[in-house]
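The values are calculated or read from the model by the stated rules, or taken from the named source; none is laboratory data. In this text the structure is predicted, and so the values were computed from the model without any measurement. For neighbour counting, all protein chains shown are included, and Cβ atoms are generated from backbone atoms with ideal geometry for every residue, glycine included. For the accessible areas, the whole protein counts, side chains as well, though only heavy atoms, and no ligand, DNA or RNA atoms are used. Shrake-Rupley method; radii C 1.70, N 1.55, O 1.52, S 1.80 Å.
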Amino acid sequence: MFEDRARVLLVLPQEVLDRARVFAGETMTKLKGTVSLQMVLRALIDEGLKRERDRALLANVEGQMRAVREVRSRGRRPAPAPRAARPNGRASGRKG
């Protein structure tokens, strides 16, 4: 079944992972057999890819694309320069 498999690192929000775990638990109850989280995620990915023209799927991908773009653009902006502290209201390094 998995002769042509590849390994993939999948980073998911905790909420999505929790929902997949609940689904795995419900599926185990219905099928009366062991169902792993990996099986559920593979099935969800496979079924989601079959729905390539689904608006909700496209909207989800678009939202993720925009979020990644926003995070990357914030990473490219220079950080604001820290201001030098002025003790006692005087300019640092001066006497008088």
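Peptides 6-14, 25-33: what's the order by average Cβ count within 10 Å, highest mean first?
25-33, 6-14
Over the chain, what number does the Rg to Rh ratio reach, with both radii from the alpha-carbon atoms and Rh per Kirkwood? Looking at the chain, the ratio lands at 1.35. The HN-Hα couplings worked out from phi for region 4-13 by the Karplus form 6.51 cos²θ - 1.76 cosθ + 1.60 (θ = phi - 60°) are 9, 7, 9, 8, 9, 8, 10, 9, 10, x Hz, whole numbers, x standing for Gly and Pro.
Taking θ as phi - 60° and the Karplus parameters 6.51, -1.76 and 1.60, the scalar couplings of region 17-33 work out to 4, 4, 5, 5, 5, 4, 4, 4, x, 5, 5, 4, 5, 5, 8, 6, x Hz in sequence order, x denoting glycine and proline.
A Cβ-based charge dipole, computed about the Cα centre of the chain with Lys and Arg at +1 and Asp and Glu at -1, lands at about 1200 debye.
Of the residues Ala56, Leu31, Ser73, the one whose Cα sits farthest towards the positive end of the charge dipole of the chain is Ser73 (charges of +1 on Lys and Arg Cβ, -1 on Asp and Glu Cβ, taken about the Cα centre).
Summed over the residues of the chain and divided among them, the accessible surface reaches 100 Å² per residue at a probe radius of 1.4 Å. Inter-part distance, region 58-72 to region 1-49, computed on C-alpha centroids, equals 23 Å.
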